[in-house]
């Protein structure tokens with residue numbers, strides 16, 4: 001409950017302040033969001049499984065975001081462009097889907 | 001890629017962990033939950049002996065979730081902002097394309113206009129060229145007839161000299177030459193020269209002491225008159241004209257030596273251009289005749 005409130009507060013803060021993202025960081029933002037999404041769904045599943053741990057969540061959240069951004073940066077520098085980011089998106093997407101499937105089983109018992 | 005094949009691969013080499021041999025997609029699907037959660041839960045179960053802490057949410061978690069919300073909102077805001085910018089630049093580009101297309105259209109119009117003008121100018125040029133040709137031909141014909149263009153062709157040559165031993169009365173006079181010229185003109189001569197001086201429409205032989213001047217040049221006897229014309233009939237016709245008869249009578253009476261010859265090819269030069277001065281002019285519209293002198 002308090003976590004859902006936190007999410008709402010964060011979104012509202014973002015919409016109110018509309019912070020200007022530096023041009024240099026702009027390409028990292030979308031993939032960082034996907035990585036964070038993966039961490040959040042993982043945490044939700046762990047919470048429902050009864051094995052949630054705040055330290056693991058924060059560490060996985062931060063490391064996911066940093067690694068995703070790092071991979072995009074590396075792809076830019078290597079000249080492979082968006083292809084490396086595509087790989088990251090595919091892996092994170094599959095994880096999000098299976099996590100969401102597990103969450104669904106918990107909620108609907110199906 | 002399927003589960004049975006994965007198990008099959010694991011079979012012969014038991015020392016290799018499954019995480020190494022498992023196909024990538026299967027592994028991603030099976031380990032979608034961070035293994036750390038399982039490890040920590042395992043450790044907690046062994047140390048404290050209970051799983052009670054599994055659903056405890058701390059301030060750190062809330063902060064991370066707030067950060068996540070912030071991230072999502074910022075990404076969304078940024079995307080929509082970029083979309084606006086892109087839309088604006090698109091509109092600017094489209095308006096620039098329109099402007100340039102208008103310019104191109106104008107220039108096409110200009111090309112068409114210029115081509116039109118070109119065609120008109122070309123047809124004018126052709127007309128003018130034709131007129132120029134006609135004028136040149138006319139000028140040439142007029143120059144030959146009036147004596148300001150050189151001509152050549154068959155003709156006759158008549159030479160007349162002062163009568164020997166008869167004093168001043170035996171000299172060839174301007175009137176005598178005028179008789180000769182008039183006779184030749186009447187007989188159909190087209191061009192005449194005296195001693196190389198072309199007789200133009202404005203030339204007339206004039207006495208000047210003992211010499212005769214024509215075209216402002218003094219000539220002396222013997223006078224050789226070259227006349228262009230049909231040399232089969234010219235001399236005969238000349239003899240039949242009044243002037244021809246009078247000339248014959250005169251030269252016979254005064255015993256002036258006269259020779260007449262048919263010449264196959266005569267060259268008659270043009271008169272000096274300085275003789276060609278404007279005496280009268282008429283405007284092309286033909287309204288106001290204007291006399292020069």
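Considering only segment A:68-83, state which residues are assigned to a helix (DSSP H, G or I) and loosely packed, with under 15 Cβ neighbours inside 10 Å.
Of everything in segment A:68-83, those that are assigned to a helix (DSSP H, G or I) and loosely packed, with under 15 Cβ neighbours inside 10 Å turn out to be A:70, A:73, A:74, A:77, A:78, A:83.
Kindly evaluate residue B:184 against the criterion of being within 12 Å of residue B:156 (Cβ to Cβ) and modelled with pLDDT of 85 or more.
Spelling it out, residue B:184 is indeed within 12 Å of residue B:156 (Cβ to Cβ) and modelled with pLDDT of 85 or more.
Sort through A:67, A:89, A:94, A:31 and tell me the only one that's free of Cβ contacts under 8 Å to residues at least 24 places away in the same chain and either facing chain B (nearest Cβ under 7 Å) or more than 23 Å from residue B:44 (Cβ to Cβ) (or both).
A:94 is the lone residue from the list that is free of Cβ contacts under 8 Å to residues at least 24 places away in the same chain and either facing chain B (nearest Cβ under 7 Å) or more than 23 Å from residue B:44 (Cβ to Cβ) (or both).
Do we find a residue being in a loop (DSSP other than H, G, I, E, B) and farther than 14 Å from residue B:238 by Cβ anywhere in segment B:173-186?
Within segment B:173-186, one or more residues are in a loop (DSSP other than H, G, I, E, B) and farther than 14 Å from residue B:238 by Cβ.
Every residue in segment B:262-289 that is exposed (fewer than 12 other Cβ atoms within 10 Å of the Cβ) and either at pLDDT 80 or above or farther than 26 Å from residue B:149 by Cβ (or both), please.
Within segment B:262-289, B:264, B:265, B:280, B:281, B:282, B:283, B:284, B:285, B:286, B:287, B:288, B:289 meet the criteria.
With the checklist (1) out of contact with any strand residue (DSSP E or B) (no Cβ under 9 Å at 6 or more places or on another chain); (2) surrounded by fewer than 18 Cβ atoms within 10 Å (Cβ to Cβ) in hand, flag the one item residue B:248 doesn't pass.
Only one criterion is unmet by residue B:248, namely (1).
Just one of (1) crowded, with 17+ Cβ neighbours inside 10 Å; (2) modelled with pLDDT under 85 trips up residue B:192, so point out which.
Condition (2) is where residue B:192 drops out.
Does residue B:167 count as touching a strand residue (DSSP E or B) at 6+ places or on another chain (Cβ under 6 Å) and within 29 Å of residue B:251 (Cβ to Cβ)?
no
Inside segment B:30-40, can you point out the residues that are facing chain A (nearest Cβ under 7 Å) and either loosely packed, with under 15 Cβ neighbours inside 10 Å or modelled with pLDDT of 80 or more (or both)?
Hits for segment B:30-40 are B:36, B:37, B:38, B:40.
Kindly establish whether residue A:39 is assigned to a helix (DSSP H, G or I), touching a helix residue (DSSP H, G or I) at 6+ places or on another chain (Cβ under 8 Å) and modelled with pLDDT of 90 or more.
yes
Within segment A:36-48, can one find any residue that is surrounded by 17 or more Cβ atoms within 10 Å (Cβ to Cβ), facing another protein chain (nearest Cβ under 10 Å) and without any contact (Cβ under 8 Å) to a residue 12 or more places away in the chain?
yes
Which of the following residues is over 58 Å from the mean Cα position of the chain (by Cα) and surrounded by fewer than 17 Cβ atoms within 10 Å (Cβ to Cβ): B:232, B:202, B:168, B:206?
Result: B:168 is the single residue among B:232, B:202, B:168, B:206 that is over 58 Å from the mean Cα position of the chain (by Cα) and surrounded by fewer than 17 Cβ atoms within 10 Å (Cβ to Cβ).
The values are calculated or read from the model by the stated rules, or taken from the named source; none is laboratory data. Computed from a predicted model, the values in this text were never measured in an experiment. So basically every Cβ, Gly included, is an ideal-geometry build from the backbone, and we count neighbours across all protein chains shown.
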